[in-house]
């Protein structure tokens with residue numbers, strides 16, 4: 001159905017990037033500088049930093065906070081939970097995290113699977129549920145790809161299967177141009193299949209064998 005297809009495209013969009021719109025939290029430091037007292041925005045930034053610092057110790061905690069931030073539309077926290085390379089590369093291309101937020105979204109975070117002997121890359125399973133355009137609840141299974149950096153764990157990408165039996169769609173947040181190209185290809189393929197057959201494709205779990213080649 002058309003509504004299910006639109007819901008899937010919305011799911012992809014929640015972790016994608018829009019034009020940079022001066023969401024840099026460092027700008028808040030200029031507010032209140034005349035009085036020397038921290039304002040409300042500064043206090044919020046400090047609180048976010050505390051949450052991030054606690055979360056990065058554990059991959060599952062990172063994904064939980066990442067999904068909470070997506071649901072709340074909290075771009076500052078979402079950006080802080082990306083890998084250093086993801087933040088650097090998106091900034092280089094004048095892109096930024098802009099989650100729209102969704103009061104109807106729910107999620108469950110599953111098991112963590114380490115994919116390297118050094119345990120520096122892992123996959124964290126999750127289910128994301130939200131309401132589509134027709135008011136129906138749609139659930140998608142997503143594997144979040146995390147990398148361990150010097151400061152702790154951070155999100156490097158995501159993977160999920162669009163069509164059963166086919167290779168999963170892997171979104172590498174550290175390569176934004178390739179990520180956006182993958183989005184466009186996915187949208188074209190969903191549209192093509194939607195026009196060719198009745199109904200919409202069922203989203204299947206992402207494969208654990210999907211890894212970033214970086």
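Sort out which residues of the stretch 166-186 are touching a residue at least 40 places away in the same chain (Cβ under 8 Å), surrounded by fewer than 23 Cβ atoms within 10 Å (Cβ to Cβ) and outside any loop (DSSP other than H, G, I, E, B), and write them in order of number. Selection gives 170, 172, 176, 177, 180, 183, 186. Restricting 134, 91, 181 to those that are under 18 Å from the mean Cα position of the chain (by Cα) and either over 22 Å from residue 62 (Cα atoms) or modelled with pLDDT of 90 or more (or both) reduces the list to 181. Do we find a residue being within 17 Å of the chain's Cα centre (by Cα), in a loop (DSSP other than H, G, I, E, B), under 18 Å from residue 56 (Cβ atoms) and modelled with pLDDT of 95 or more anywhere in the stretch 94-115? No: zero hits.
Only one entry in 128, 144 is over 19 Å from residue 56 (Cβ atoms) and either at pLDDT 95 or above or buried (at least 20 other Cβ atoms within 10 Å of the Cβ) (or both), namely 128.
Here is a check on your reading of the model: is residue 55 at pLDDT 90 or above, buried (at least 19 other Cβ atoms within 10 Å of the Cβ) and either under 18 Å from the mean Cα position of the chain (by Cα) or within 15 Å of residue 145 (Cα to Cα) (or both)? It is true that residue 55 is at pLDDT 90 or above, buried (at least 19 other Cβ atoms within 10 Å of the Cβ) and either under 18 Å from the mean Cα position of the chain (by Cα) or within 15 Å of residue 145 (Cα to Cα) (or both).
In summary, residue 163 fulfils each of the numbered conditions (1) outside any strand (DSSP E or B); (2) within 23 Å of residue 92 (Cα to Cα) with the single exception of condition (2).
On the stretch given as the stretch 147-165, residues that are surrounded by 12 or more Cβ atoms within 10 Å (Cβ to Cβ) and farther than 24 Å from residue 57 by Cα total 4.
Please determine whether any residue of the stretch 98-113 is in contact with a strand residue (DSSP E or B) (Cβ under 7 Å, 6 or more places away or on another chain), within 19 Å of residue 172 (Cα to Cα), in contact (Cβ under 8 Å) with a residue 60 or more places away in the chain and surrounded by fewer than 21 Cβ atoms within 10 Å (Cβ to Cβ). Among the residues of the stretch 98-113, at least one is in contact with a strand residue (DSSP E or B) (Cβ under 7 Å, 6 or more places away or on another chain), within 19 Å of residue 172 (Cα to Cα), in contact (Cβ under 8 Å) with a residue 60 or more places away in the chain and surrounded by fewer than 21 Cβ atoms within 10 Å (Cβ to Cβ), which makes the answer yes.
Only one of the numbered conditions (1) within 20 Å of residue 168 (Cα to Cα); (2) out of contact with any helix residue (DSSP H, G or I) (no Cβ under 7 Å at 6 or more places or on another chain); (3) surrounded by 18 or more Cβ atoms within 10 Å (Cβ to Cβ) is violated by residue 60, and that is (1).
The values are calculated or read from the model by the stated rules, or taken from the named source; none is laboratory data. Quick caveat: nothing in here was measured; it's all calculated off a predicted structure. Cβ atoms come from the backbone with ideal geometry, glycine included; neighbour counts cover every protein chain shown.
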